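The values are calculated or read from the model by the stated rules, or taken from the named source; none is laboratory data. A quick note: this is a predicted structure, and the numbers were derived from the prediction, not measured. So basically every Cβ, Gly included, is an ideal-geometry build from the backbone, and we count neighbours across all protein chains shown. Areas reflect the complete protein model, heavy atoms only, side chains present, ligands, DNA and RNA absent. Shrake-Rupley method; radii C 1.70, N 1.55, O 1.52, S 1.80 Å.
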Number of protein chains: 2
Amino acid sequence: MSGEPVFAALSDATRRTLLTRLADGGPATATQLAAELPITRQAVLKHLEALRDARLVTSARAGREVRYTVTPEPLADAVGWIADVGGQWDSRLAALQAQFSSPRAK
Amino acid sequence: MSGEPVFAALSDATRRTLLTRLADGGPATATQLAAELPITRQAVLKHLEALRDARLVTSARAGREVRYTVTPEPLADAVGWIADVGGQWDSRLAALQAQFSSPRAK
DNA sequence: ATGAAGTGCAACTCGCAGGTTGCATCCGAC
DNA sequence: GTCGGATGCAACCTGCGAGTTGCACTTCAT
């Protein structure tokens with residue numbers, strides 16, 4: 001009922017960085033991403049595996065390379081859970097929705 | 001800039017359980033919560049401290065007891081970050097909003 | 001004022017997640 | 001075919017987080 005591996009995936013700062021990087025710059029390979037980060041390719045690979053377990057990225061082989069792409073659908077589960085918890089505070093939920101509809105405002 | 005301790009707080013299943021418990025059943029003490037869970041009062045206390053560090057709960061002393069209450073505001077930060085990442089996929093963002101406006105539907 | 005219920009603090013164990021190194025393997029180019 | 005860039009796998013190190021136990025301290029009730 002409450003299998004929320006998404007939160008576990010998002011708990012790590014490096015993984016969040018990877019997600020934003022992939023969301024902003026489009027699909028990339030593990031080696032490519034490792035070059036832009038202060039950690040090893042292997043470490044990046046492990047994080048990508050964790051993200052793939054959480055269905056947040058998909059891997060697609062292109063020749064000898066493997067591109068990783070963001071698939072943000074599971075994030076909806078996280079938002080759903082948050083909405084459930086915050087559901088008791090209707091007024092605050094309104095505030096959430098406001099911020100949600102103008103994400104660029106930040 | 002990107003201090004998102006909220007995700008770290010939500011990464012643990014026990015902490016999520018505590019949050020829902022507090023959201024559903026209202027404020028409670030550490031001893032009270034420990035009685036409803038398969039872990040020690042001390043463990044619960046540590047989790048509550050973690051949640052308080054993330055501003056997700058507040059502690060208020062009442063006599064010799066200490067009641068913990070949910071303060072869901074920081075959850076907005078999490079949703080904001082998610083919206084940022086998912087911002088690239090406008091259509092999917094719409095789906096997120098839909099689920100957001102009807103949390104009870106689940 | 002004394003005993004019980006509740007909280008606070010500290011030390012300790014233990015498993016796992018994040019990270020590294022090393023090597024084997026696969027695929028494309030020349 | 002063979003050389004180089006890229007991936008895959010495995011063993012290993014290390015620190016931290018979750019949980020426990022034990023004890024000292026506060027506070028209400030009798």
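Values computed for the structure shown
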{"read-out": "Segment residue B:49-residue B:14, extension gain: residue separation times 0.36 nm, minus the distance between their alpha carbons", "value": "11.3 nm"}
{"read-out": "Set of the stretch A:40-71 residues, backbone N closer than 11 Å to the point 7 Å along the Cα-Cβ line of residue A:21", "value": "A:40-45, A:47-48"}
{"read-out": "Amide proton proximity set for residue B:66, modelled H, under 5 Å, gap of 5+", "value": "B:30"}
{"read-out": "Protein heavy-atom accessible area occluded, B/A pair - total, 1.4 Å probe, Å²", "value": "3700 Å²"}
{"read-out": "In order through the stretch B:30-40: 3J(HN,Hα) via Karplus (6.51 cos²θ - 1.76 cosθ + 1.60), integer Hz, x for Gly, Pro", "value": "4, 4, 4, 5, 4, 5, 8, 10, x, 10, 6"}
{"read-out": "Other protein chain Cβ atoms within 10 Å, averaged over every residue that makes up B:69-81", "value": "6"}
{"read-out": "Neighbouring partner chain Cβ atoms per residue of A:10-18, average, 10 Å criterion", "value": "4"}
